[in-house]
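Some notes on the structure that comes next.
What follows is calculated from the coordinates using simple rules that are stated; it is not laboratory data. The structure displayed is predicted, hence computed values, not measured ones. Glycine gets a Cβ as well: all are built from the backbone with ideal geometry, and neighbour counts include every protein chain shown.
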Amino acid sequence: MKGSHLVSVLQGKEKQCYLTGRTNILHKHHIYAGKNRSVSDKFGFWVWLIPDLHNMSNNGVHFNKELDTRIKQDCQRQFESDGNSRQYFMNLIGRNYL
Ligand SMILES: [Zn+2]
């Protein structure tokens with residue numbers, strides 16, 4: 001780990017929807033929620049999403065299990081390819097999504 005992230009692991013400083021690329025009216029989604037929310041904040045495990053793909057429609061990540069899993073996997077994969085071990089990820093989040 002190279003210090004805590006104030007930027008998104010998946011998007012860096014880019015402020016656009018992770019799924020559509022839209023740049024206005026965005027929600028910040030914590031990828032691993034609940035008790036992992038503060039860890040997600042600290043380590044940059046979050047993405048920008050348009051409201052419909054966040055929690056304002058049934059297609060949103062909060063209601064669409066498949067999409068939720070995909071983003072959780074994308075984030076873990078990126079975190080690991082940034083040089084962090086799987087064990088470290090599991091220590092932070094409590095499980096392995098890959
Ligand atoms: Zn969310």
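Quick notes
- Taking the C-alpha atoms of the chain, convex hull volume expressed per residue in Å³: 91
- Per DSSP, loop trypsin sites (Lys or Arg not before Pro) in the chain with at most 15 further Cβ within 10 Å: LYS2, LYS13, LYS15, ARG22, ARG95
- The mean sequence separation of alpha-carbon pairs under 8 Å and at least six residues apart, normalised by the residue count of the chain, gives a relative contact order of 26 percent.
- Test item: Cα-centred dipole of region 27-93, Lys/Arg +1 and Asp/Glu -1 on Cβ, debye: 200
- Spatially near lysine pairs across the chain, Cα under 21 Å, sequence gap of 8 or more or different chains: 15
- Here's how it looks for PHE45: its modeled amide H is under 5 Å from those of VAL9, which are all 5 or more places away or on a different chain.
- Most mobile of ILE25, ILE50, ILE71 in a GNM of the chain (Cα contacts under 10 Å): ILE25
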